[in-house]
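The values are calculated or read from the model by the stated rules, or taken from the named source; none is laboratory data. Since we're looking at a predicted model, the values are computed, not measured. Backbone-built Cβ (ideal geometry, glycine too); neighbour counts: all protein chains shown.
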């Protein structure tokens with residue numbers, strides 16, 4: 001990949017209540033930049049989050065003509081090399097760092113990559129803890145395939161913004177989709193900084209899948225207990241949703257509770273090369289009117 005880097009409560013025994021554990025806030029956030037004047041929503045949202053959590057911020061630009069390159073095609077191409085304009089890259093890097101400073105970000109860096117977006121995010125995922133990008137960074141179904149490749153390859157938590165997202169307020173009403181899967185558990189764990197900062201968290205409990213024989217002896221994750229231990233009081237909402245309509249039902253519940261963020265696991269189905277993420281995830285990605293936090 002070719003880049004240019006420019007007052008405690010007393011306990012019954014008289015002891016003090018132990019302080020709640022602090023969630024691991026993302027130390028490094030990467031935002032996919034698609035425009036610089038003005039900066040696109042992914043950059044603005046990522047900068048606000050980095051300022052709130054005092055995280056390091058990376059702005060990454062991939063030219064639109066290169067974003068869908070995958071596999072052998074993702075090697076730096078002649079077109080990519082022709083797009084290499086060091087002077088412009090340097091100027092944009094300077095502008096990005098100045099913008100990040102104005103937002104209160106402690107440190108920012110700028111990367112211009114001359115290869116496909118999937119490969120770029122896989123690489124950046126090795127040392128970043130959150131990616132922020134917009135749903136229309138690539139066309140149509142290509143986003144689901146791209147994210148599937150990235151999420152399955154490096155498990156990089158991703159915040160996906162709907163087109164034209166322009167809300168500046170922090171995420172205050174969060175809907176968490178839970179079905180007992182490992183993916184949903186990872187999503188809750190990774191989203192703790194968002195959940196701890198929200199005014200209301202609703203746990204949409206779709207029921208647990210039947211455990212195979214022998215798994216009853218494994219430890220079970222209890223989402224309400226886990227979140228309570230992190231100071232999060234979630235409102236329960238139990239539903240029975242057929243798999244074929246899960247995506248639409250989830251978005252309907254998000255509208256009902258006024259959620260401005262959806263947290264869910266990116267569920268894998270079938271063979272990796274046939275379908276990287278499941279139909280519910282695809283539906284939510286394609287139709288959500290609020291940001292979606294995904295974790296595989």
Can you tell me how many residues within the stretch 153-170 are under 13 Å from the mean Cα position of the chain (by Cα) and on the phi < 0 side of the Ramachandran plot? 8
When you scan the stretch 252-281, how many residues do you find that are modelled with pLDDT of 80 or more, at negative phi and either surrounded by fewer than 21 Cβ atoms within 10 Å (Cβ to Cβ) or not assigned by TED's automatic domain parsing to the domain that holds residue 196 (or both)? 6
Name the residues in the stretch 161-176 that are assigned to a strand (DSSP E or B) and surrounded by 17 or more Cβ atoms within 10 Å (Cβ to Cβ), would you? 161, 174, 175, 176
Out of (1) at pLDDT 90 or above; (2) part of a strand (DSSP E or B), the one residue 237 does not meet is (1)
Sole residue being at pLDDT 85 or above, crowded, with 20+ Cβ neighbours inside 10 Å and either out of contact with any helix residue (DSSP H, G or I) (no Cβ under 9 Å at 6 or more places or on another chain) or not assigned by TED's automatic domain parsing to the domain that holds residue 68 (or both), chosen from 201, 137: 201
Could you check, for the stretch 10-23, whether at least one of its residues is assigned to a loop (DSSP other than H, G, I, E, B), modelled with pLDDT under 85 and on the phi > 0 side of the Ramachandran plot? yes
Scope the stretch 25-54; condition in contact with a helix residue (DSSP H, G or I) (Cβ under 7 Å, 6 or more places away or on another chain) and not in a helix (DSSP H, G or I); matching residues: 25, 26, 29, 30, 31, 32, 33, 34, 36, 39
